[in-house]
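Asker: Sending over a structure as structure tokens; questions will come in a sec.
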Amino acid sequence: MYWVGIDVGGTFTDVVVYDEQAQALAVTKTASTPEDAARGILQGLAKLGLDLRATRRITHGMTLATNAVLEGRGVKVGMVTTAGFRDVLELRRGNRTVLYDMRYRPPLPLVPRSRVHEVAERTLFDGTVLQPVARQEVQEVAARLKAQEVAAVAVCFLHSYVNAANEQAAAAVIQEHLPGAFVCTSAEVVPEFREYERFSTTVLNAYVGPLLDGYLRHLERALRARGYGAELAIVTSSGGLMSATHARRFPVKSMLSGPAAGVAAAAYLGRLAGYSHLITYDMGGTSTDVCLIENGRPTLTAERPIAGYPNKTLQIDINTIGAGGGSIAWLDAGQRLCVGPRSAGAVPGPACYDQGGTEATVTDAQLLLNRLSPTKPLGGEIALKRSRAQAALAALARQLPGLDAYRLAEGIIRLAVAKMTGAIKEITIARGRDPRDFVLFAYGGAGPMHAAQIASELGIRTVVVPPAPGNFSALGMLVSDLRQDFVRTPRAAPGRSPPGRHHGALCRARSGGRSGDAPRGARPRPGTPPAAAGHALRGAVVRAGRALAGDVPHRGRYRRGLLRPPSGALPPQPAQALRNRQLPPVHLWGGAKARPEGAGPPPPAPWPRPSASGARCTSRTPFATRRCTSASGCRGTRPLPGRPLSRSSAPPPCSPQGTRRRWTTTATWSSCARSPRDGRRQQGACPYSGGVPWKKDERIASIPFAWHWKVSRILLTSS
Amino acid sequence: MPTGKGHPSGTSEAALPEVDPITLECVCEGLQAIVREMRAAVKSTAYSSVIYEMDDFSCGLFDPQTRLIAQGEDHPGHVIPLPWSVQCAMADFAGDLQPGDLILLNDPYRGGTHLNDVTLIYPVFLDGALFVFPAVREHWTDVGGMVPGSYSGLSTEIYQEGVRIPPLKICERGVFNRAALALLWANMRVPHEREGDFWAAVAALKTAEQRILEMVKKYGRDTFLRCVEWNLARSEARMRAQIRALPDGVYEYEDYLEFYHDGRLDPVLMHLTLTIAGDHLYADFSGSSPQVAGVVNASLAVTATGVFAALKAVLDPEGPINSGVFRAITVTAPEKTITNVGPYAPAGAHGEVRKRAASVTLGALAQVIPERVCGDLCGTSFPNAIGGANGRRGEPFVYYDALAGGNGAYGGGDGVSVMGNLDFGDIKTVLPAEALEIEFPLRVERLALRPDSGGDGQFRGGLGGRREVRLLSPRGAYSVLADRAVLPPFGVCGGYAAAPVRTTVVRGGKELPFATPGKVTGFPLQEGDVVVMESAGGGGYGSPLARAPEEVAADVREGYLSAEKARQVYGVVLRDDGSPDPEATAALRQALRAAARRVRVQHSDADPYRGQEGKHRVVVLHPALAASLQLAAGDLVELWGRHGAPLRAWVEVDAHAPETAVPLDSKGQRMLGVQPGDQVEIRCLRKATSMPMGT
């Protein structure tokens, strides 16, 4: 039997197949076909000659929903809302994210005012229905929506997160009158308080709903026609899997499908490598994603907007910054050297691609400093021209007194590194985590190249680089587990609400119940003034819970409550909401697995071993983790002392004799042997500064002077 | 790029080491990161919703010379006056600061803005010497005083606005002054929230100390200081370059704040003389009204903030913010005026004074670079407070709401509706109805845009918002401190004024209007009363007759604009299907252009100002002329000359006035850019019958 992972990106469609019997892995890459993504997938599957009848599960990650929002290509949405609240989307939270700028404009609402219709109805904060919906009125609204030719309708009523009766009643009438339209309610998408954020998420869901529905329906049909019997699984933003049926109802949950799979895979591989605290660091061409994994679990959030629109679905908390390998270095009006967020992209690309780009990028800087091979094509495809990089950098350096192209190149990299470091600090230090307690897990096209430097900045002592870091997300499809996320907004006082009480509310949520009877909180006692520091700490501790599990109900108020039930306390019967009975059921985030007896196949595929068609690495090393340990760490040989550099030195040449000089951040030269192929041979030997090979002559990591590296084996088991 | 030599900040930096541009960026970014971390600490530990839902707080870092060296996404109204707060604290405690000391203040005469903004300053020491001051300024929902929420429109002395805290050591050598804290909590409503907010600020300051010391350890003290100097110097150079590009000259502008004298409107004058001299800019507020026994007074630091925010928005929105930038701008004002308050006048309307300072700066700049300014801001922070006993919980509650208004339109785009203005931080001014209803005995009945409230123009000002809230507890008190409730925000370059702020209470289906619009103190509410709060729009840009008819039609279709106004103001005639009728529109626009009321200017040496405590400009018209212009005594009008911004005046009718001309003093002529014999356009803004004025 086979397990298949499919990652459809903007440029390439990656298909990864794991053969259970042979315990072998096969990978293929085909060009994406944006006009009909299914075609690219089927081509990829055909290329591998796969028998879909013998396929246990196909897992799919995609960027369709995200791109539709980012590019404004969603469908025409209508909205039905409580009378008096027509303008919630346009009012937003009344804030400006760009200060001082009189020309700043927030994104336009996805539903223009003329397509927002009010209905006289009202539910109160405690779930009481003050005014039920009048069928007649909703019918009139439905007629107006029909006249406006909307393809999707978001039904968004106040306080529906406590009692969705009115919303459901209205939605039923609308669906009846617009049978072809995609209708969703705010309570089913994200039953959380704060109307703007909930309505926005619901509208996002409607905005991409018909697109995903059509695409997945088409893909499923095509797969079924080729013999695939099980249901298609879709990667969720929270790094789990949902059935395609579910994804068609709630496409907003697949917004971060691609990057989430990468993080989930990092968590998995990290665990196998013996690391449970990771900072994942995925640096691509235009942007970099960083994420925190604690105790083997990625941190989750519901606070990250997409294209400026709040999206309250649970997602892996990925912090994205606009700096990548293609980021352009430039001087602002005050002669400040800046890197990014503008990127040279794939076209024209960095100057060294020699495709017309003239501005210096991070990749050009890396090339000039010999951290990329000037002779080997990048990714085996793009030939790099060092002279172009040098010209671009020199042109910029001329505007900066006292800097030559080499110093500038180093500076650009240091600035890029400072940005990455800042992004990592935001997810660690700013949340009370010490980055030194974590391992840096680097992937993406440009990630491993900067990883060691970032690690040094943050005091991180170990860096792990997975095999094939450029295609890591696709591999992640195979290790993701089924999962469904629930959210409720209960109310309780701090100190008087043991987690078990919230668990009740959550269980009701899972079984489709209502939380109108959720525990009502008592008033908090006014705090007796303790010692100063202790009191400050008390405030912090109350919210520390929130940081871990979303907003914890706070001082007798409703706050967002993402609740983590105590392990093993879940009812044996999983939610009906997970419609696909063929799949192993619910995996509550952070909670225990609940697997009813006799349910489907065993847990997800074990991490597969590479097949013959896999990477041509050392034969029986299924996975090589590049672990970089700093000189101050336990793997203790001393680095070679570097010679100080005079400022007037010549550029580092590429020596044909197999010895290359490399420019390192410590501003010293270090000579070293070229491209060692056997990690073990190098262990404890020459400190290597530059690329570490994965395949022959392909460098994927750049390791500064003071670091040692080794390749270690990980024993893979299926448990 | 700054070099090591000869940059303006002087002192002993010759001894400091050379720093490469990369380290410079790393240190500067690092300082910003510290401020961001402080913000995260405050937000995640504070107790009151004004801070954790609205983000009404700010953080900054200062050096021992009281210069702002770093701030983040912080509220300009908080963070820009902060150097003065640190100066006041240093003046009191210089030489007497020890490690472990912590200074608390909110006194508007001594480093504060208004009493609700409570500031904590924490001197951090390095090797026994003062090194950096982190500071946090938080808006506390209540600091005592005569009404829930503390500040209100009709206060006459500062004691009514809450507890005044001059700079004091709330913590001395690590020991907190529990007596002082107990006294504070005893005098504020909902004290446990205040306490939680206080400790949140302490936590942020402690965090900052740790990070600063870590950073110094990494880069070294000298490198750190050098980077700070360079950063200030290059920021200054950047601002100076922007100012240098403006034509030198002296530009004047005036505007008003709404003050009630014995229940009658007595507008107070804010007068700005903006001098551009080379790469330096001087803003002088001489000629403004003396401070009044009302809320519309503020400290010079607050006034300067308004000037700075407007300049930055027009000249260089992306530039950094630190004391280096401020060095290129000098703001002065005579003492004991509305722009430089002294004891013991109230100072609740600091946000309004700041916004008006921004308005007059925009008005003055509209004379120099009209194509780069925007229409006036919505003119007020619009703080509303409803307090009372919470029937559900039996404890007092204070609900604080500051719905944002519209933004001014600019050449190239409409103003954004209901969004914090350019002098505002990233404050979430729209509180979720669902959160309010859980928290307070209130029901939100409407949260909507306010159609027709944006200033009309080729580019339309942003709309204000409307929130209706029903009181569900037996008793309550409503207060508001708004401005621009009578005088609307102005448009520029021919754009129209926006709708002013409006608040009412609806009881039993009937509106109870307030006699003093925008300024209400403790109006007693009954159960079931609905408080209606409508924020102002933003001023328009350019003539509405130049707006594309299709855009007007779209505005009508989306309900931003009424069809009636589209016809009357924009001259756009719509067909039944909502599309514009080109011929009818062209004809109507021509007729409207011809109907504009233009009058010749005649020089006058008479004093154009009237007022009791306040001061407002009058325009004296002959009865026949007034009648032909359909104006009556007491009407508020706008005069438009050659410059980008209009001049406001109240009509006086006098038989001795010239019959066919409007008399104007030389200052008025300068502000409008007209000379005797030129024509000015007169637009009526508000009829005397709806003006709550005495005379």
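Values quoted throughout were computed directly from the atomic coordinates according to the rules given, and no laboratory measurement underlies them. All values reported here derive from a predicted model rather than from experimental measurement. Positions of Cβ are generated from backbone atoms using ideal geometry, with glycine treated the same way; all protein chains shown enter the neighbour counts.
Asker: Considering just Cα atoms, how many Å³ per residue does the convex hull of the range B:283-350 enclose?
Answerer: Here the figure is 90 Å³ per residue.
Asker: Using the alpha carbons of the range B:78-145, what is the convex hull volume per residue in cubic angstrom, as a whole number?
Answerer: 84 Å³
Asker: A further question follows. Determine the gain in length on full extension of the stretch B:V250-B:D576; use 0.36 nm per residue of separation and subtract their C-alpha separation, reporting nm with one decimal.
Answerer: Stretched out fully, the B:V250 to B:D576 stretch lengthens by 112.2 nm.
Asker: Quick check: pseudo-label points 7 Å beyond the Cα along Cα→Cβ at A:E35 and B:L168, how many nm apart are they?
Answerer: 7.7 nm
Asker: Where the eigenvalues come from the Cα gyration tensor of the range B:592-647, what are the semi-axes √(5λ) of the equivalent ellipsoid, largest first, in whole Å?
Answerer: Equivalent-ellipsoid dimensions as semi-axes: 21, 15, 12 Å.
Asker: Right, something else. Taking 7 Å along the Cα-to-C-beta vector as the label spot, tell me the B:D654-B:A515 distance in nanometres, rounded to one decimal.
Answerer: The two pseudo-label positions are separated by 3.0 nm.
Asker: Same structure again: What ranking of B:E437, B:E214 emerges when the number of other C-beta atoms within 10 Å of each C-beta is taken as an exposure proxy, fewest first?
Answerer: B:E214, B:E437
Asker: At 7 Å along the Cα-to-beta-carbon direction for both B:A180 and B:K218, put a label point, then send me their distance in nm to one decimal.
Answerer: So the two model labels end up 3.4 nm from each other.
Asker: Determine the equivalent ellipsoid of the range B:168-291 by diagonalising the alpha-carbon gyration tensor, then write out the semi-axes as square roots of 5 times the eigenvalues, largest first, rounded to whole Å. Display every interim value, and only then the final one.
Answerer: Values: eigenvalues 313, 230, 21 Å².
For the range B:168-291, the semi-axes come out at 40, 34, 10 Å.
Asker: Further, regarding this structure: Mind jotting down a quarter of the surface of the convex hull over the alpha carbons of the range B:465-524, in square nanometres, one decimal?
Answerer: Over every viewing direction, the Cα hull of the range B:465-524 projects on average to 5.0 nm².
Asker: Turning to a different aspect of this structure: Where in the range A:199-228 does the label zone of A:Q43 land, with the point 7 angstrom along Cα→C-beta and an amide N cut-off under 18 Å?
Answerer: Within reach of a label on A:Q43: A:219, A:222-223.
Asker: Additional query: Apply the Debye scattering formula to the range B:220-378, with a single equal point scatterer on each alpha-carbon and no solvent, then give log10 I(q)/I(0) at q = 0.13, 0.14, 0.19, 0.20 Å⁻¹.
Answerer: Those come out to -0.62, -0.70, -1.10, -1.18, one per q.
Asker: Give me Rg over Rh for the range B:399-547, both radii from the alpha carbons and Rh done the Kirkwood way, two decimal places.
Answerer: 1.02
Asker: Which percent of the Cα-Cα distances in the range A:273-347 go past 16 Å?
Answerer: Working: 1740 of 2775 pairs.
Beyond 16 Å sits 63 percent of the P(r) for the range A:273-347.
Asker: What is the set of long-range amide H partners of A:T185 at a cut-off below 5 Å, with H atoms built 1.01 Å from backbone N?
Answerer: Answer set, sorted by chain and number: A:V155.
Asker: What's the long-distance tail for chain B, i.e. % of Cα pairs beyond 48 Å?
Answerer: 16 percent
Asker: Within straight cross-link reach of A:K29, meaning Cα distance under 24 Å, which lysines are found once same-chain residues fewer than 8 apart are removed?
Answerer: Of all the lysines, those that pass the test against A:K29 - Cα under 24 Å, at least 8 places apart if same chain - are A:K47, A:K376, A:K695, A:K696.
Asker: Percent relative contact order of the range B:598-690, based on C-alpha pairs within less than 8 angstrom and at least six residues apart?
Answerer: 43 percent
Asker: Here is a follow-up. log10 I(q)/I(0), Debye, Cα-only the range B:13-234, no solvent, q = 0.11, 0.14 Å⁻¹?
Answerer: Scattering profile of the range B:13-234, log10 relative to I(0): -0.52, -0.82.
Asker: Assuming a ≥ b ≥ c are the square roots of the Cα gyration tensor eigenvalues, decide whether the range A:352-453 counts as rounded (a/c under 1.5), prolate (otherwise, with a/b larger than b/c) or oblate.
Answerer: oblate
Asker: Which part of the range B:382-426 falls in the paramagnetic zone of B:E527, meaning amide N under 18 Å from the point 7 Å along Cα-to-beta-carbon?
Answerer: Only B:387-397 pass the distance filter.
Asker: Whole-Å semi-axes of the range B:111-193's equivalent ellipsoid, largest first, each the root of 5 times a Cα gyration tensor eigenvalue? Mind dumping the intermediate values first?
Answerer: Details: eigenvalues 156, 42, 20 Å².
Here the semi-axes work out to 28, 15, 10 Å.
Asker: Okay, next question. 5 Å is the cut-off here: which amide hydrogens, built 1.01 Å from N in the peptide plane, fall below it relative to B:Y260, excluding neighbours closer than 5 in sequence?
Answerer: Residues meeting the amide H criterion: B:D266.
Asker: Could you give the Stokes-Einstein D for the range A:201-287 in µm² per second, using the C-alpha Kirkwood radius, 10 °C, 1.306 mPa s? Write out the running numbers ahead of the final one.
Answerer: Numbers: Rh = 14.6 Å.
This corresponds to a translational diffusion coefficient of 108 µm²/s.
Asker: Taking the alpha-carbon set of the range B:548-595, what are its Rg and Dmax in Å?
Answerer: Computed over the Cα atoms of the range B:548-595, radius of gyration and Dmax are 9.8, 30 Å.
Asker: Averaged over B:199-210, how many beta carbons belonging to a partner chain fall within 10 Å of each residue's beta carbon?
Answerer: Counting other chains' Cβ atoms within 10 Å and averaging over B:199-210 gives 3.
Asker: When you have a sec, figure out the Kirkwood radius of the range A:1-88 from all distinct Cα pair distances and drop it here in Å to one decimal?
Answerer: 15.2 Å
Asker: Name the residues whose placed amide hydrogens come within less than 5 Å of the amide hydrogen of B:V19, ignoring near sequence neighbours (fewer than 5 apart) on the same chain.
Answerer: The answer is none.
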